[in-house]
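One structure is given below, encoded as structure tokens.
Readers should treat all values here as calculations from the given coordinates under stated rules, not as data from a laboratory. Every value quoted in this text rests on a predicted model; they were computed, and no experiment measured them. Backbone-built Cβ (ideal geometry, glycine too); neighbour counts: all protein chains shown.
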Amino acid sequence: MTKHYLIILISLWVFPVTGQGLTINDSTTPATAEVDGNLRVNGDFYLENPGEVTNLDNAKLLVQSTSNDIMKYDIDVSKYGPINYSQYIFQNVNSAGLMSYDTKIPVSKYVVTVQGFYFTQANYDENILLRSTVANDRIEGYTVRAYVDTASGASFPTWHFQAFGTDSTFRTPAGAVTNANIFLNVFIFRRGFVIKDQGDVTVDMNNNEINNAATLPGFFVIYN
């Protein structure tokens, strides 16, 4: 598996030098050396004061390959980015909604989240309602989520989508049952790149409206 390091690539690497050539760990030498080409380092390598990046338009990431080579990460030729965005458009969905859609995206490699959504009628008319099938005076909730399907017992679980109203159907403003188009704005994060799974946070509210969750490991609050 490729190991990734979030290091912004700079085109000028600078080290102290003396009249005899390149030196390391010497803060007294007044000159610098520009390395324009390949650089080989045996052992640990640190960028102590690389300077500030003021323009990210042409910035690249450095990644380490399985052969321990340091290379520029080019998102244009990569199969995936650190953060990936896509809009899923489900056309002519049954009036009951989207109950399960298998994205085929493996849970072991990616984290999938639904960041936004909206519905239209099948003809793209945005005047659409969710009406309860239990009683006309009831306002039901709804579910829109990306989830891991554990019920199927798959050896390699994948991410699924749901988008439906609880005990409801999609209706036109006149009350007629209608099929729907469902739009999901989805972010897909590569595990082990910019995502660190912090686990679930379970809070017993004890019938209260306000409570505080335990701080996640590595996170803290700074009070001014």
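Structure above, values below:
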{"read-out": "Counting DSSP beta bridges with both ends in the stretch 102-205, the antiparallel % (nearest 5)", "value": "95 percent"}
{"read-out": "Local electrostatic count at R138 - Lys and Arg +1, Asp and Glu -1, tallied over other residues with Cβ under 13 Å", "value": "-2"}
{"read-out": "Residue-count net charge about G165 - beta-carbon cut-off 9 Å; Lys, Arg +1, Asp, Glu -1", "value": "-1"}
{"read-out": "Label-point separation in nm, D137 to A176, each point 7 Å along Cα→Cβ", "value": "2.9 nm"}
{"read-out": "Neighbourhood charge, 15 Å Cβ-Cβ cut-off, centred on T150 and excluding it, Lys, Arg +1 and Asp, Glu -1", "value": "-2"}
{"read-out": "Length-normalised contact order of the stretch 83-190 in % [C-alpha pairs under 8 Å, at least 6 apart]", "value": "49 percent"}
